[in-house]
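Data block below; observations after.
The values are calculated or read from the model by the stated rules, or taken from the named source; none is laboratory data. From a predicted model like this one, the values you see are computed outputs, not experimental measurements. Please note: Cβ atoms are built from the backbone with ideal geometry, for glycine as well, and neighbour counts cover all protein chains shown.
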Amino acid sequence: MAYSDKVLDHYENPRNVGTLDKDDPNVGTGMVGAPACGDVMRLQIKVSDDGIIEDAKFKTYGCGSAIASSSLVTEMVKGKTLAEVEAIKNMDIVEELALPPVKIHCSVLAEDAIAAALADIKAKRAATTKATA
Amino acid sequence: MSSLNIPIYLDYSATTPVDERVAAKMMECLTKQGNFGNPASRSHPFGWKAEEAVEEARRHVAELIGAVPKEIVWTSGATESDNLAIKGAAHFNKKKGKHIITMKTEHKAVLDTCRQLEREGFEVTYLDPQEDGLLNMAAFKDAIREDTTVVSIMHVNNEIGVIQDIAGIGAITREKGIMFHVDAAQSPGKVAIDVDEMNVDLMSLCAHKVYGPKGVGALYVRRKPRARIEAQIHGGGHERGMRSGTLATHQLVGMGESFRIAREEMAEENIRMGQLRDRLWDGVKDMEEIYVNGHMDQRIPGNLNISFNFVEGESLIMSLKDIAVSSGSACTSASLEPSYVLRAIGRNDELAHSSIRFTMGRFSTEEEVDFTIGKVREAVTHLRELSPLWDMFKEGIDLESVEWAHH
Ligand SMILES: Cc1ncc(COP(=O)(O)O)c(C=O)c1O
């Protein structure tokens, strides 16, 4: 199978590989997929007090398109507000990376990872608000 | 390093290049100046000469497996041979019984043929291999029934390279009067074959795994005691009615020559393959969390199938773009399922997804193996740095205990 240049670029030079402290109250972690299915993505976002994503890191086990999709997502979310990030859809990733139909599930997984990371940070924030209230 | 030809071909079990000596022979059988006649033409020298060439090729194929030439039926490849053998024998014996025994790790050419027979009302038992990929003889004996008419077990597995005990199975099927078919597409030139010692009744062969051309194969059909099969392709009655169609002289000559060379060079080649395989394994074996799939000794020397845990096979193949190998990962298969062979030997999905098959052959060199070792180590290390599963493993988290969101 031939990969698009964009997939190859992200695959060969993945952006923002790494780990943030998952116990940091300002870090949201989303881990989606399953080893048995051949892909697991972990996306982490660090959110400032005024709701801007200051940093994002990923690690992904999966095919080249899955790695490229998660690398792209870290670039897409940085500097955005939570609301803006919520609006990112898998088709944005498909278009940007020119993913073929058999690889659309990689983009869906990346969208799921964003949703999971957002849910985690929101839950953390809700918990701290409650604790301080 | 200057003599390295990139990409390096380490997928000899998928197919092999045609040996120059074979190609030269084939080219003599195509043009007006060459041996282009129809081997079935009885009325002129063009036909006689072509027939002579085809019969010489038949002798070469027969000799490699310890058969007589009359027992060789030409086909278009191992897929057709498997179909002809299994359907042919099952149909011929359908009044005697309708039970077939095979294994879960067979090639699709066998498994899908059996599926078709199930749709026609036959019953098929698909035996599980042991964890080392070999057939469990006790389970095999237990599976035999009064109405079992055909047993089909492959000689060398195409994915994991393990060699089944064909003689051991043949002794049992002969005693019980059951037809024994062996898919030996992967064995010529790698493992000695003697159809008499092994008590094989039907054996599928092809040329393109032995430095011959694609699109040609043969089925060995035993004469004493006679193996009876029903033809699947009807027409001009070629090959004693078992497989009609004009014989493709150049293809058959190519297969014959490739089998002749295989017989002559097998002993030497196997020693060299074993050295290359050991060199490759020695170069990677100290890496953490890697597993060889299939029995380490009961396998052909040119095959090394390794699962690199916590790395996904397709991405590994992408990183190894200078090396042509294949993977059991779902992402590289048309079905989007991980290798059914690795699943059958009890590997979990992760290990099946993480597997790479390296198969070496006649033109492989030490230099290529050394280059491969370097690339594999680099790629696996890089991908593990990217892998959340590797992180979790390093933190001591048992991945089996995690609740994954299956999708
Ligand atoms: C074990 C086995 N059986 C059958 C086949 C099919 O052979 P062919 O491509 O000649 O039809 C192959 C090769 O792909 C094989 O490895």
- What pairs can you find where one residue is in segment A:103-115 and within 12 Å of chain B (Cβ to nearest Cβ), the other is among the acidic types (D, E), and their Cβ atoms are less than 9 Å apart, with a gap of 6+ or different chains? A:H105/A:D39; A:C106/A:D39; A:L109/A:D39; A:E111/A:D92; A:A115/A:E86
- All positions within segment B:111-132 that are part of a loop (DSSP other than H, G, I, E, B) and either of a type in the set (S, T, N, Q) or within 13 Å of the ligand (Cβ to nearest atom) (or both): B:Q130
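Yes or no, residue by residue, for (1) loosely packed, with under 15 Cβ neighbours inside 10 Å; (2) within 14 Å of the ligand (Cβ to nearest atom); (3) modelled with pLDDT of 95 or more; (4) not in a helix (DSSP H, G or I):
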| position | (1), (2), (3), (4) |
| --- | --- |
| B:V54 | no, no, yes, no |
| B:L64 | no, no, yes, no |
| B:A67 | no, no, yes, yes |
| B:E80 | no, yes, yes, no |
| B:A85 | no, yes, yes, no |
- Query: For segment A:83-102, which residues satisfy the criterion of being in contact (Cβ under 8 Å) with a residue 60 or more places away in the chain and within 12 Å of the chain's Cα centre (by Cα)?
  - Reply: none
- Scan segment B:201-213 for residues that are over 18 Å from B:E106 (Cβ atoms), out of contact with any Lys or Arg (no Cβ under 6 Å at 6 or more places or on another chain) and within 9 Å of the ligand (Cβ to nearest atom) and jot them down. B:A207
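Mind counting the residues in segment B:146-185 that are assigned to a loop (DSSP other than H, G, I, E, B) and within 16 Å of the ligand (Cβ to nearest atom)? Write out each step before concluding.
So the first thing to find is which residues in segment B:146-185 are assigned to a loop (DSSP other than H, G, I, E, B), and the list is B:146-147, B:153-155, B:157-161, B:164-165, B:177-178, B:184-185.
If we keep only those that are within 16 Å of the ligand (Cβ to nearest atom) as well, we get B:153-155, B:157-161, B:164, B:184-185.
Of the residues in segment B:146-185, 11 are assigned to a loop (DSSP other than H, G, I, E, B) and within 16 Å of the ligand (Cβ to nearest atom).
Residues checked against (1) within 12 Å of B:N199 (Cβ to Cβ); (2) without any contact (Cβ under 8 Å) to a residue 24 or more places away in the chain; (3) surrounded by 23 or more Cβ atoms within 10 Å (Cβ to Cβ):
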position	(1), (2), (3)
B:M137	no, no, no
B:F140	no, no, no
B:S152	no, no, yes
B:I172	yes, no, no
- Message: What pairs come out if I take residues in segment B:12-38 that are away from chain A (no Cβ under 14 Å) and touching a residue at least 12 places away in the same chain (Cβ under 8 Å) and pair them with residues that are charged (D, E, K, R) and within 16 Å of the ligand (Cβ to nearest atom) whose C-beta lies under 8 Å away, six or more apart or interchain?
- Response: B:Y12/B:K209; B:S13/B:E159; B:S13/B:K209; B:S13/B:R357; B:T15/B:K209; B:T15/B:K214; B:T16/B:K209
- How many of the residues in segment B:1-52 are surrounded by 15 or more Cβ atoms within 10 Å (Cβ to Cβ), among the small types (G, A, S) and in a helix (DSSP H, G or I)? 3
- Item | Search result, residues across segment A:17-31 that are away from chain B (no Cβ under 11 Å) and touching a residue at least 60 places away in the same chain (Cβ under 8 Å) | A:P25, A:N26, A:V27, A:G28
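If you check B:D286, B:D278, which single one turns out to be farther than 22 Å from B:S13 by Cβ, out of contact with any strand residue (DSSP E or B) (no Cβ under 9 Å at 6 or more places or on another chain) and either surrounded by 18 or more Cβ atoms within 10 Å (Cβ to Cβ) or of a type outside the set (K, R) (or both)?
Working: B:D278 fails: farther than 22 Å from B:S13 by Cβ.
Exactly one residue qualifies, and that residue is B:D286.
Looking only at segment A:7-21, count every residue that is farther than 16 Å from A:T60 by Cβ and surrounded by 12 or more Cβ atoms within 10 Å (Cβ to Cβ) and tell me the total.
Going through segment A:7-21, the residues farther than 16 Å from A:T60 by Cβ turn out to be A:21.
With surrounded by 12 or more Cβ atoms within 10 Å (Cβ to Cβ) added as a condition, the list becomes none.
Number satisfying all stated conditions: 0.
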- Task: Return the only residue of B:V216, B:V221 being crowded, with 16+ Cβ neighbours inside 10 Å, touching a residue at least 60 places away in the same chain (Cβ under 8 Å) and more than 12 Å from the ligand (Cβ to nearest atom).
- Result: B:V221
- Query: Among the residues of segment A:95-116, how many are buried (at least 18 other Cβ atoms within 10 Å of the Cβ) and farther than 25 Å from A:K46 by Cα?
  - Reply: 3
- Task: Output the residue which, of all residues in segment B:291-331 that are in a loop (DSSP other than H, G, I, E, B), touching a helix residue (DSSP H, G or I) at 6+ places or on another chain (Cβ under 7 Å) and more than 9 Å from every other protein chain (Cβ to nearest Cβ), is surrounded by the fewest Cβ atoms within 10 Å (Cβ to Cβ).
- Result: B:D322
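Where in segment B:335-407 are there helices (runs of 4 or more DSSP H), lying fully within it, with 1 or more residues that are touching a residue at least 40 places away in the same chain (Cβ under 8 Å) and of a type in the set (K, R)?
In segment B:335-407, B:366-386 are the helices (runs of 4 or more DSSP H) which contain 1 or more residues that are touching a residue at least 40 places away in the same chain (Cβ under 8 Å) and of a type in the set (K, R).
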- Item | Residue identified as of a type outside the set (S, T, N, Q), away from the ligand (no atom under 16 Å from the Cβ) and either away from every other protein chain (no Cβ under 14 Å) or at positive phi (or both) among B:K104, B:K108, B:K98 | B:K98
- Item | Residues of segment A:32-61 satisfying the condition of being more than 14 Å from the chain's Cα centre (by Cα) and within 8 Å of another protein chain (Cβ to nearest Cβ) | A:A34, A:P35, A:A36, A:C37, A:G38
- Message: I'm told B:G161 meets every condition in (1) free of Cβ contacts under 8 Å to residues at least 40 places away in the same chain; (2) under 20 Å from B:I193 (Cα atoms); (3) surrounded by 22 or more Cβ atoms within 10 Å (Cβ to Cβ) except one. Can you identify the failing condition by its number?
- Response: (1)
